[in-house]
Structures are given as C-alpha cells and as structure tokens.
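Data first, discussion second: the structure below is written as structure tokens.
The values are calculated or read from the model by the stated rules, or taken from the named source; none is laboratory data. Fair warning: this is a prediction, and the values are worked out from it, not measured in the lab. Neighbour counts are summed over all protein chains in view; Cβ atoms, including those assigned to glycine, are modelled from backbone coordinates with ideal geometry.
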Amino acid sequence: MITEYAVMTEDHIDEDAIRRAGEILKKGGLVAFPTETVYGLGGDALNPESSKKIYAAKGRPSDNPLIVHICRLEDTEKIAREIPDVYYKLAEAFWPGPMTMILNKSDLVPNETTGGLGTVAIRFPSNKIAHALIEAEGGFIAAPSANRSGRPSPTVAQYCREDLDGRVEMIIDGGQVGIGVESTIVDLTEGRPTILRPGYITMEMLERVVGDVGIDKTIIDGTTAARPKAPGMKYRHYAPKGDLTIVEGNPEEVIAYINQKTAEAKAQGHRTGIICTDETRNRYSADSVKSAGTRSDEASIAHELFLILREFDDENIDIMYSEGFDESGIGMAVMNRLIKAAGHQIVTVRDGKVTKSAMPLRRDIDPKWNEA
Ligand code: TXA
Ligand code: MG
C-alpha cells in the first residue's frame, strides 16, 4: 500500500484532504492523524473489519481495546448505555480535551473495537484536525496511539511514518502535538470514578469536579498481582531500543551516580544518553544529553518525553539514564510512562546508599498511595 501524506495545521485545515481521509475511513481504511495528546491510528469504530486492520497495522494484541473518538457529546447515547451524571459533569469540565471515559457499551459498538469487553472508552479530542476528521468520517473513529505496539507514542508525524508507512492509507501531518502523553482514562462503570491511566487531566482536577476519585492499584503498586483494568497498561510500553534506567534520590547524588554509570558504559563501548532538565543540563556528560524541560513546569517534560526516547533510537543510543520526576499533577503521567519505558528499572541513591526497585520508593510514605 502506498501511504498518502497530507500536511496541515489546526489554523489552516486542508478541507480536501480531510474529505479524502473521511472517505478512506468510511470505506474501512486507516488514517493516522494528530490529536492534542499523541497521534492516533484511526479506523471506523463501528466497522469490525476496520478494528481488525488497526490491530494488524499496529501489531497489537486484539484483547487490548480501542478508544472511540467522537465530535458531538450527544453521540454518546448511540454507543453507550446507563450513562451516569458524572459523565456529563466531567465532559462539561474537560471536553473537548485530553480525557477518556469508560462506559457500558451499546450493541452498535462491535466487540472487535472493545477487545471483547462490554464497556467502551470514549474521547472527545480538542485538536481541530482530529475534530474535522471525525466529522468527515461520520462521528466514530477508533484510534489507538499511532505507534507499532510497544514503541513510544508518536508526537510528530515523522514517527508515524517510521512505524506505519505502507500500512495505512493516509498520514495527516499536523506538526508536533501540544501535550505529548496520552489522555487520562477514567472508568465510570463501577461507582467511584477511577483513573485507569494518568494523563494531563490530573487526579486533583477530576476531584474538583466530582469529589473523591480512585486510582487503579496497578498504576502505583509494582508488586501487586492484580490485573490493570485498562488491558493496555499491562504491556511493556513506550520502550526505546536501548536500556533505560531511572535514577532518583538526593539531586547531587543522582547527578554523580548517572555520570559515573555513563562513564563506565562509555568505557565499555556503549553509546550513552541522559534525560535531565534545564536545571541540570550542564552537569552531565554523555554522547547525548537531553533536557526534557523544566521542573518548574512538568507539562514541558510531558511534551518532550516520547520525542526524546525516539531521538535516542535515531542516534543509536543503547544505554540511557533518566532523572526521576515529581509525581504530583501531570508528573504522575510522566513517571507512569517513564517507568514503563524503563521496564521498571529504578535506582534510588540517598546517603551513599544505592537501592534498586520496580517502583519509586518514596511512594511508600505517601498516604494517597497506600489508601488506593
Ligand atoms: O490520548 C489518547 O488516548 C490517544 C489518542 C490517539 O487519542 N489514544 C490512546 O489509545 O492512547 P491507546 O489504544 O494507545 O490506549 C488506550 C488505552 C489502552 O490501555 C486500553 O487498554 C485502554 O485504553 N482501554 C480502551 N478501552 C477500554 C475499556 N473499555 N476498558 C478499559 N480500558 C480500555
Ligand atoms: Mg498506546
């Protein structure tokens, strides 16, 4: 298959290309497109054959359900049943925007789209290109992130091309996305709203609208035998090709540890990379030192994280260290993705002591973690 490329911006939408893309989707084809979070790999959510094609193009296990993207709130009633009031409260507060809600599905949604589940994930994105495309398609686009399964989600079209060229009919290049990590997923099917995947819409923001909000235990507990309720959260994910370790603890000790390990790896002939922040950028030496942003604005780190992981691959970096980040606010989403990318390799250095763990140690003392 030859993939068609269309370039546009949210301010200058190429209506002809959007119309062609809508036709492709209606006929059961696939189109990759920008959203405000990451690029999506879209197909007709109501056509089981389209969903099968999405799984094949992504190389994704078919028990991992897809998110249905809508562009009109009232369309919810077509694809969901037993819609609780909190759905409309959260929609009013955060849609269009980077949040996905899980409801019980109607018969209109094929099992292929929901990975066999009786529930459906619904998202109303704010990106204007995404909005125009959903409208052109007729209202319901199933779209996982537009990466091959296991790879970091694309935040620029170049990495959609790398993963999907020849596998989809069209890729819409809308530039670098605004947010950089996937939407917050909130489950509304079991009473208390529960976060299944952290994202830009934080727990604090949700609680301000609906009161108490829970969090899936598997997000914060590396040792639990429980299965994540979002099936996709169980897979290794976002992985760069090389070996990544997160280093946390006393800042001076973190810097010293990362520099020492990087020097050792270099001496063994590895190509080394470091993920740090503007605050520490000039304290490091490696083949590639990248600042993800500033600690005073963790959204800046979310914006760059996946891009950096992809760039390290382009630069053939095979040993990587990253500073750990604060887990409050959007930091929870950043650390969730980073921990998966690192395959849960975390080192804490404090008071001369080096401790290895699968989850950040400081979680043990935060009451919110324990009560979850
Ligand atoms: O920001 C986003 O959400 C992006 C853009 C493209 O919209 N999409 C995205 O989709 O991240 P994907 O497929 O890469 O991740 C969807 C996650 C998976 O972990 C999946 O298991 C979970 O949502 N999910 C989907 N439907 C679900 C359901 N009915 N119940 C529980 N989890 C569900
Ligand atoms: Mg994904």
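Worth a mention:
- A single member of 126, 149 is under 14 Å from the mean Cα position of the chain (by Cα), surrounded by fewer than 23 Cβ atoms within 10 Å (Cβ to Cβ), polar (S, T, N, Q) and part of a loop (DSSP other than H, G, I, E, B), and it is 149.
- Single residue of 121, 93 found to be among the aliphatic types (A, V, I, L, M), crowded, with 24+ Cβ neighbours inside 10 Å and outside any loop (DSSP other than H, G, I, E, B): 121
- Cβ-Cβ distances below 9 Å connect the following pairs, each with a first residue in the range 139-155 that is under 15 Å from residue 36 (Cβ atoms) and touching a residue at least 12 places away in the same chain (Cβ under 8 Å), a second residue that is more than 9 Å from ligand 2 (Cβ to nearest atom) and polar (S, T, N, Q), and a separation of six or more residues or different chains: 143/35; 145/37; 153/37; 155/37; 155/176.
- Residue check for residue 225: small (Gly, Ala, Ser), away from ligand 1 (no atom under 14 Å from the Cβ) and outside any loop (DSSP other than H, G, I, E, B): no
- Given (1) part of a loop (DSSP other than H, G, I, E, B); (2) touching a residue at least 24 places away in the same chain (Cβ under 8 Å), index of the condition residue 186 fails: (1)
One line per residue, one yes/no per condition, for (1) within 16 Å of ligand 2 (Cβ to nearest atom); (2) within 19 Å of the chain's Cα centre (by Cα):
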site: 30; (1), (2): yes, no
site: 52; (1), (2): no, no
site: 65; (1), (2): yes, yes
site: 86; (1), (2): no, no
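- Residue that is farthest from ligand 1 (Cβ to nearest atom), among those in the range 238-249 that are farther than 23 Å from residue 145 by Cα and not acidic (Asp, Glu): 249
- Residue that is farther than 30 Å from residue 124 by Cα and surrounded by 23 or more Cβ atoms within 10 Å (Cβ to Cβ), where the choices are 199, 242, 273, 269: 273
- Within the range 100-115, the presence of at least one residue that is among the small types (Gly, Ala, Ser), within 16 Å of ligand 2 (Cβ to nearest atom) and within 19 Å of residue 228 (Cα to Cα) is confirmed.
- Selected residue (only one of 302, 286 is closer than 29 Å to residue 36 by Cα and either free of Cβ contacts under 8 Å to residues at least 40 places away in the same chain or crowded, with 18+ Cβ neighbours inside 10 Å (or both)): 302
- Taking the criterion of being over 23 Å from residue 322 (Cβ atoms) and not in a loop (DSSP other than H, G, I, E, B), the only residue of the range 228-240 that qualifies is 231.
- Within the range 161-171, none of the residues are crowded, with 18+ Cβ neighbours inside 10 Å and within 11 Å of ligand 1 (Cβ to nearest atom).
- Any hit, the range 123-136, residues being over 25 Å from residue 16 (Cβ atoms), within 12 Å of ligand 1 (Cβ to nearest atom) and among the hydroxyl-bearing types (Ser, Thr, Tyr): no
- Consider the range 50-63 and keep the residues that are modelled with pLDDT under 95 and surrounded by fewer than 19 Cβ atoms within 10 Å (Cβ to Cβ). The one that is farthest from residue 106 (Cα to Cα) is 59.
- Members of the range 278-305 that are within 19 Å of residue 183 (Cβ to Cβ) and acidic (Asp, Glu): 298, 304
- Note on the range 28-71: residues that are farther than 30 Å from residue 300 by Cα, assigned to a loop (DSSP other than H, G, I, E, B) and either of a type in the set (Lys, Arg) or without any contact (Cβ under 8 Å) to a residue 40 or more places away in the chain (or both) total 1.
- Set 257, 235: member being surrounded by fewer than 17 Cβ atoms within 10 Å (Cβ to Cβ), in contact (Cβ under 8 Å) with a residue 60 or more places away in the chain and either over 26 Å from residue 148 (Cβ atoms) or within 16 Å of ligand 1 (Cβ to nearest atom) (or both): 235
- Looking across 318, 351, 326, one residue alone is closer than 25 Å to residue 178 by Cα and of a type in the set (Asp, Glu). It is 326.
- Residues (away from ligand 2 (no atom under 16 Å from the Cβ), of a type outside the set (A, V, I, L, M, F, W, C), in contact with a helix residue (DSSP H, G or I) (Cβ under 8 Å, 6 or more places away or on another chain) and within 26 Å of residue 304 (Cβ to Cβ)) located in the range 170-215: 173, 174, 175, 176, 178, 202
- Within the range 191-216, considering residues that are within 11 Å of ligand 1 (Cβ to nearest atom) and assigned to a loop (DSSP other than H, G, I, E, B), the one nearest to the chain's Cα centre (by Cα): 199
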